[in-house]
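Shown next, in structure tokens, is the structure this report addresses.
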Ligand SMILES: [Mg+2]
């Protein structure tokens with residue numbers, strides 16, 4: 001399964017990617033903001049995206065995907081420090097399938113990924 005990891009923090013991308021790799025996910029692509037992410041969507045089957053990023057934030061990126069005939073059905077997990085209920089509700093309203101609040105542990109991440117891709 002091809003997974004796209006979007007975060008402006010290289011460290012955070014490493015943490016997420018290493019967690020996924022340790023659980024057997026080996027087709028991983030990464031992007032540093034929404035614009036870069038949109039340019040790397042080819043074949044992607046699951047998106048994990050940060051909220052706060054320069055150039056194009058995660059919520060705008062999600063809206064772009066949802067407006068795309070090609071990408072609108074790809075499951076999305078929002079990873080954010082915005083733990084406030086308002087932000088979570090907004091993300092879900094825009095079509096995010098699941099969300100993870102930072103800081104998170106590896107088990108939480110993998111559990112949410114598993115739940116999201118199993119529908
Ligand atoms: Mg960020």
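Coordinate-derived values only; no laboratory data. Source: prediction; values computed, not measured. Note that each Cβ is placed from the backbone with ideal geometry, even for glycine, and that neighbours are counted across all protein chains shown.
The Stokes-Einstein estimate for the chain, based on a Kirkwood radius over Cα pairs and taken at 37 °C with 0.692 mPa s viscosity, is a diffusion coefficient of 236 µm²/s.
Sorting 70, 47, 62 on the 10 Å Cβ count, fewest up front, what's the list? Walk me through the numbers on the way to the answer.
Numbers: 70 9, 47 26, 62 22.
Least crowded to most crowded, the residues run 70, 62, 47.
Helical content alone sets the calculated 222 nm signal of the chain at -11500 deg cm²/dmol, taking -39,500 (n - 2.57) per DSSP H segment of four or more residues and averaging over every residue.
Between residue 2 and residue 26, 0.36 nm times their residue separation minus their Cα-Cα distance comes to what? Write down the numbers at each step before the final one.
Numbers: separation 24, 0.36 × 24 = 8.64 nm, distance 0.78 nm.
Answer, rounded to one decimal: 7.9 nm.
Its Kirkwood hydrodynamic radius, worked out from the mean inverse distance over all distinct Cα pairs, puts region 45-108 at 11.9 Å. Contact order for the chain, expressed relative to its length and based on alpha carbon pairs under 8 Å spaced 6+ residues apart, stands at 23 percent. Label-to-label distance, residue 111 versus residue 52, with points set 7 angstrom from Cα along the beta-carbon direction: 2.5 nm.
In this simple spin-label approximation, residue 11 and residue 90 carry label points 7 Å from Cα along the Cα→Cβ vector, and these lie 2.5 nm apart. Among 53, 41, 78, sorting on how many other beta-carbon atoms sit within 10 Å of each Cβ, with the fewest leading, yields 41, 53, 78.
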